[in-house]
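Trainee: Below is one structure. I have some questions about it.
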There are 4 protein chains.
Amino acid sequence: MTLAQDKASPSARNARTPGHQASLIVQGADATGIVSALTSVLSGHGANIVSLDQYSDNPQGGAFFQRTVFTLDALQAALPALRADLDEHLVRRYGLTCTLRDLSVPKRMAIFASKSDHCLLDLLWRHRQGQLPVSIPMVISNHPDVAEEVRSFGIPFLHVPSTGPDKSAAEAEHLRLLKDNVDFVVLARYMQILSGDFIEKAGVPIINIHHSFLPAFIGAGPYAKAKERGVKLVGATAHYVTEDLDEGPIIEQDVVRVSHADTAAELARRGADVERAVLSRAVLWHAEDRVIRNGNHTIVFA
Amino acid sequence: MTLAQDKASPSARNARTPGHQASLIVQGADATGIVSALTSVLSGHGANIVSLDQYSDNPQGGAFFQRTVFTLDALQAALPALRADLDEHLVRRYGLTCTLRDLSVPKRMAIFASKSDHCLLDLLWRHRQGQLPVSIPMVISNHPDVAEEVRSFGIPFLHVPSTGPDKSAAEAEHLRLLKDNVDFVVLARYMQILSGDFIEKAGVPIINIHHSFLPAFIGAGPYAKAKERGVKLVGATAHYVTEDLDEGPIIEQDVVRVSHADTAAELARRGADVERAVLSRAVLWHAEDRVIRNGNHTIVFA
Amino acid sequence: MTLAQDKASPSARNARTPGHQASLIVQGADATGIVSALTSVLSGHGANIVSLDQYSDNPQGGAFFQRTVFTLDALQAALPALRADLDEHLVRRYGLTCTLRDLSVPKRMAIFASKSDHCLLDLLWRHRQGQLPVSIPMVISNHPDVAEEVRSFGIPFLHVPSTGPDKSAAEAEHLRLLKDNVDFVVLARYMQILSGDFIEKAGVPIINIHHSFLPAFIGAGPYAKAKERGVKLVGATAHYVTEDLDEGPIIEQDVVRVSHADTAAELARRGADVERAVLSRAVLWHAEDRVIRNGNHTIVFA
Amino acid sequence: MTLAQDKASPSARNARTPGHQASLIVQGADATGIVSALTSVLSGHGANIVSLDQYSDNPQGGAFFQRTVFTLDALQAALPALRADLDEHLVRRYGLTCTLRDLSVPKRMAIFASKSDHCLLDLLWRHRQGQLPVSIPMVISNHPDVAEEVRSFGIPFLHVPSTGPDKSAAEAEHLRLLKDNVDFVVLARYMQILSGDFIEKAGVPIINIHHSFLPAFIGAGPYAKAKERGVKLVGATAHYVTEDLDEGPIIEQDVVRVSHADTAAELARRGADVERAVLSRAVLWHAEDRVIRNGNHTIVFA
């Protein structure tokens, strides 16, 4: 109990995504001089580096990953020239991949949900608090249950039924809705398997939350399987979706302690708290360009 | 991503508060034969013990605490006779205190809030999910900000302004609203200090969530103090309210890791997740009669 | 930095295993009146119950598990009559299994090790501190590396080489050494698979520490597999050994956070801290009769 | 249980401190172009950056902290010229502080201990495993109890008694032993208060482990105080020692869950596991130049 209210959200928002900041992700084969070349380019344009994270998976000839956040006055106007310089000094000279993004422009995130609302609600609430630097153009569900809740946050809700084994009509509708409208998709306990065809045509990263500590308990019913095996912790895993069910690159994981006295339903209840926490962290990090995919692995500069 | 939806809430609810269960809390000076006397009484009435937790703070002459949950057919009809037997065999013979309660009757919980909604929303959402065996007759706030949100859960919201140093008018209104309507009160980040007079007249347990790992950072502005001290973890503490600010019996605590890079606002954001988790656990345990007060300590049979 | 040294170990030892305490483990089909019958028997012998934990996996016709610790003067002399009474009132009447043990007699624990010493050393150190109520009649290893360290603790070390696919000679020697000398065996990162024949003939519980969060990464090289999969946590699992590799009943598990920057060797280093912590807890709980096996599950009254 | 032994330590050692690596710590007032100037200097000498961590406590005119690890052939021969260049381009131009160190030369760590051996033993064991890149020229204790244990690791043990209120003779002996022989001192549950005079004359960083989650329970007997307050977690804090008892900059903290059933002695036992873990992490990070002091705060690039 305290006398004065902490006012966390506005300044937290500002601290994380001030107006004139940009992120630059660089990855490729490591070589002597990359960091120097990169910082010279930024310095030449008057950029001030705010944070810099770097990782090389092997000092002798490995892969190189760097996330740089910098401030630059008149950022939007300066981007084309900066891109050209990066292209010349990093892409063409070192064969690196460079991704430059204005952090004041939030990524557009579509959410897919089913009947469970714990992950969905946590994302909507954090978004409203200013904790997630994204816009949410739509929530899509194969059930109407969460419609009212979603709309109470001022977010459009779209019901796309998906019954029977043939998902092609639903997926076609999904693609029509997503096309050019979103930068990434989050499956917030969406209980339908996406086809490889859909994943490819969607063409944006898709983040899923799986309700187990992968690779334990792949597939359906992980809490029932966890009860059956008698584990003492249950967990959750946020990962990028690939064609192989529950096999994509892991972004974040966490666990919670359970006991012999917990039923499978109780494991699900305890696990739900971990699911929403893990998914929220993964979404935040993805939104802030803190996650770099490297084959089936992720580099997370959290 | 899975094929079939786990259906956690209905069975979880049943598992935790089935219709014909009762809880019996016994505490007092330890003596040989108490457990035997107690189980004989229950057995004599045909009760079947579902769970039993017992703690003695000193095998030689200490204090004794026991929580027993049992099933009994026609429970409501059987309670008077059972109470009489407990009175004869435990209260009068051993000087113990016995508290018997029909678990199918939910405790009535009033929530006090201010502007922050993270703890409030988490309680309302868990209640709607069937995770908290309570009824919520009212939410009272000194600000109107959360009114709409509370009412969207179908819960009455009451705005009782409280400005200036004299809280007596507001507290009188609080007492009028609470009188005979609630079994306990939860301060879900309520940013007003309660007077000792109010606490006494309210006459029900009051649970507060303090946004630090007590006894560190007592009083106002704990996240700013935590930043100032340079701690590497921030925490939250749920405790029963007493006249001494932040000094009451602790029910539950937890922490989360932070770093030098986190601003005080970021500490508040990370801490908010711990606050809601800690408060929800404390409320659940209190609602299920799992917390026994012993002076300034608690026995928690979680 | 403090002025006076806390003196933890002697009183901790006493607190956990005072001279005249006994444990009673009861398990079987649940029925109304068991707890009452059990406490009546104890009360009739003048026993004072110090702690009591009970679990029923289903209030309607499930299995019942109870651990009771009690004090009784002249315990050794009283045990035969107490056993006879338990046999009459619980075993024959309710078909329950009763295991009664004088807690002042430590269980005899043999440790099997290989080259790694982190789990072994932690057990030997905790034993010397008085934290583990066991005696350690021998440490057996297939390598001589840890001999000097073991003997510095005053514990006999026995080198039983085990090379080649045929383990029968080594296992015969193991059985000869263990016979009638030990109450349970701990595999403290023992890198040999035990045959089903050995497990059966040994006839005592065998606890293993597996260096992953089972059921993830069963079998050899779990840290390399964890690195390959890109997990964000690594774990360890203590379990009873059965014929099926890494499939026995789980006693305890825990995890630690890792990052993309950790090599497989670094995962092993971080995991080693979890392994020793998990194994030490499992051994303590087994030594204090806190673990009850139920098929492939465990009930842990920790 | 696995078929092949993981061989963690040798490669872990190499991974952390390969032969030709150096660390460069830079701190001071932030300014545009620092990172670029710094990387240009390194690049000009043919250094290859292995890892780079950077933190600025305020993008507008705050303080700047950077840790860079790089490889450079013929490192020892190259250091003087590199130092001169850093002096010209960073120290004189930007007013920064630069600390350059050959990581193949381990820091020399003296350990002070009293009777408790859990923190001491953990450091000695990790050092033997190759997990701590330090040399240990001496262990000093005010009691002879741990002498044999220390010497079994091949480390010199020195007994310097310190009784009575006047510590000046003992401290003079400490200073004589430490002079020019050590780079930092670790108080591994050393139960004597160091005078401000000693701290100043020692002239090297001193790391202490306090057995509470600071700032809770400052001073003597924290576990007894924790029991008295009824906390649900106990913790430990590693910090640099200053004249103000338990007030120095915090390096690392952690906690463990406890319950009402734990005595103060049991809290001490559980806390001891946290103490050794926290101290080991703090020592590792200090040894690898991952900790930068900033007033009463630390920047930890872990």
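Trainee: May I ask you to list the residues in the stretch D:159-210 that are without any contact (Cβ under 8 Å) to a residue 24 or more places away in the chain and on the phi > 0 side of the Ramachandran plot?
Mentor: Passing the criteria: D:Gly164, D:Asp180, D:Gly203.
Trainee: Looking at the structure I just gave you, is C:Asp102 within 13 Å of another protein chain (Cβ to nearest Cβ) and farther than 30 Å from D:Leu121 by Cβ?
Mentor: Against the criterion (within 13 Å of another protein chain (Cβ to nearest Cβ) and farther than 30 Å from D:Leu121 by Cβ), C:Asp102 does not qualify.
Trainee: Moving on to the next point. Of the numbered conditions (1) in contact (Cβ under 8 Å) with a residue 60 or more places away in the chain; (2) at positive phi, D:Lys107 fails exactly one; give the number of that condition.
Mentor: (2)
Trainee: Additional query: Are any of the residues in the stretch D:245-268 out of contact with any Gly (no Cβ under 8 Å at 6 or more places or on another chain), farther than 17 Å from D:Leu214 by Cα and of a type in the set (Asp, Glu)?
Mentor: Scanning the stretch D:245-268 turns up at least one residue that is out of contact with any Gly (no Cβ under 8 Å at 6 or more places or on another chain), farther than 17 Å from D:Leu214 by Cα and of a type in the set (Asp, Glu).
Trainee: Please work out if B:Ile292 is within 19 Å of B:Pro222 (Cβ to Cβ), among the aliphatic types (A, V, I, L, M) and modelled with pLDDT of 95 or more.
Mentor: no
Conditions (1) hydrophobic (A, V, I, L, M, F, W, C); (2) outside the structural domain of D:Arg293 (by TED's automatic domain parsing); (3) under 28 Å from D:Gly33 (Cα atoms); (4) in contact (Cβ under 8 Å) with a residue 24 or more places away in the chain, marked per residue:
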position	(1), (2), (3), (4)
D:Ala81	yes, yes, yes, yes
D:Leu86	yes, yes, yes, yes
D:Tyr94	no, yes, yes, yes
D:Ala113	yes, no, no, yes
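Trainee: Let me ask something else about it. Please verify whether the stretch C:63-83 includes one or more residues that are under 23 Å from C:Ala29 (Cβ atoms), among the small types (Gly, Ala, Ser), touching an Asp or Glu at 6+ places or on another chain (Cβ under 8 Å) and outside any helix (DSSP H, G or I).
Mentor: Taking every residue of the stretch C:63-83 in turn, at least one turns out to be under 23 Å from C:Ala29 (Cβ atoms), among the small types (Gly, Ala, Ser), touching an Asp or Glu at 6+ places or on another chain (Cβ under 8 Å) and outside any helix (DSSP H, G or I).
Trainee: For residues in the stretch C:240-291 being hydroxyl-bearing (Ser, Thr, Tyr) and over 30 Å from A:Gln54 (Cα atoms), which is surrounded by the fewest Cβ atoms within 10 Å (Cβ to Cβ)?
Mentor: C:Thr242
Trainee: Separate question: Quick one: how many residues across the stretch C:101-115 are surrounded by 19 or more Cβ atoms within 10 Å (Cβ to Cβ) and assigned to a loop (DSSP other than H, G, I, E, B)?
Mentor: Total meeting the criteria: 2.
Trainee: Next question. Test D:Ala277 against the stated conditions and say whether it is over 11 Å from the mean Cα position of the chain (by Cα), closer than 21 Å to D:Arg229 by Cβ and outside any loop (DSSP other than H, G, I, E, B).
Mentor: no
Trainee: On the basis of being in the same structural domain as B:Leu124 (by TED's automatic domain parsing) and in contact with a helix residue (DSSP H, G or I) (Cβ under 7 Å, 6 or more places away or on another chain), does B:Val274 make the cut?
Mentor: Here the answer is no, as B:Val274 does not meet what is asked.
Trainee: Let me ask something else about it. One residue is enough: does the stretch D:232-239 have a residue meeting the conditions within 12 Å of chain C (Cβ to nearest Cβ), farther than 25 Å from B:Val300 by Cα and polar (S, T, N, Q)?
Mentor: yes
Trainee: Look through the stretch C:205-216, keep the residues that are hydrophobic (A, V, I, L, M, F, W, C) and more than 7 Å from every other protein chain (Cβ to nearest Cβ), and return whichever of them is farthest from A:Ala302 (Cα to Cα).
Mentor: Restricting to residues being hydrophobic (A, V, I, L, M, F, W, C) and more than 7 Å from every other protein chain (Cβ to nearest Cβ), the top hit is C:Ile206.
Trainee: Only residues that are closer than 13 Å to B:Val274 by Cβ and either among the hydroxyl-bearing types (Ser, Thr, Tyr) or facing another protein chain (nearest Cβ under 8 Å) (or both): list them for the stretch B:217-230, please.
Mentor: Correct list: B:Pro222, B:Tyr223.
Trainee: Given the conditions (1) assigned to a strand (DSSP E or B); (2) among the hydrophobic types (A, V, I, L, M, F, W, C); (3) touching a helix residue (DSSP H, G or I) at 6+ places or on another chain (Cβ under 6 Å), which single one is not true for C:Leu267?
Mentor: Condition (1) is where C:Leu267 drops out.
Trainee: While we're looking at this one, here's another question. Can you tell me which residues in the stretch C:54-100 are hydroxyl-bearing (Ser, Thr, Tyr) and crowded, with 16+ Cβ neighbours inside 10 Å?
Mentor: Residues satisfying the conditions are C:Tyr55, C:Ser56, C:Thr68, C:Thr71, C:Tyr94.
Trainee: Same structure again: Considering only residues that are facing another protein chain (nearest Cβ under 9 Å), assigned to a helix (DSSP H, G or I) and over 19 Å from A:Glu266 (Cβ atoms), which ones fall in the stretch B:116-131?
Mentor: B:His118, B:Leu121
Trainee: Could you grab me the full set of residues in the stretch A:32-46 that are assigned to a loop (DSSP other than H, G, I, E, B) and at the interface with another protein chain (Cβ under 8 Å from one of its Cβ atoms)?
Mentor: Matches in the stretch A:32-46: A:Thr32, A:Gly33, A:Gly46.
Trainee: Within the stretch B:56-79, which residues are at pLDDT 90 or above and in contact with a Phe, Trp or Tyr (Cβ under 6 Å, 6 or more places away or on another chain)?
Mentor: B:Phe65, B:Arg67 - these are the residues of the stretch B:56-79 that are at pLDDT 90 or above and in contact with a Phe, Trp or Tyr (Cβ under 6 Å, 6 or more places away or on another chain).
Trainee: Which residue out of A:Arg189, A:Arg176 is surrounded by 15 or more Cβ atoms within 10 Å (Cβ to Cβ) and basic (Lys, Arg)?
Mentor: Within the list A:Arg189, A:Arg176, the selection yields A:Arg189.
Trainee: In the stretch A:1-53, which residue that is on the phi > 0 side of the Ramachandran plot and at pLDDT 90 or above is surrounded by the most Cβ atoms within 10 Å (Cβ to Cβ)?
Mentor: It comes out as A:Gly28.
The values are calculated or read from the model by the stated rules, or taken from the named source; none is laboratory data. Everything numeric here is computed off the predicted structure, so don't read it as measured data. Counting neighbours? That spans all protein chains shown, and the Cβs are built from the backbone with ideal geometry, glycine included.
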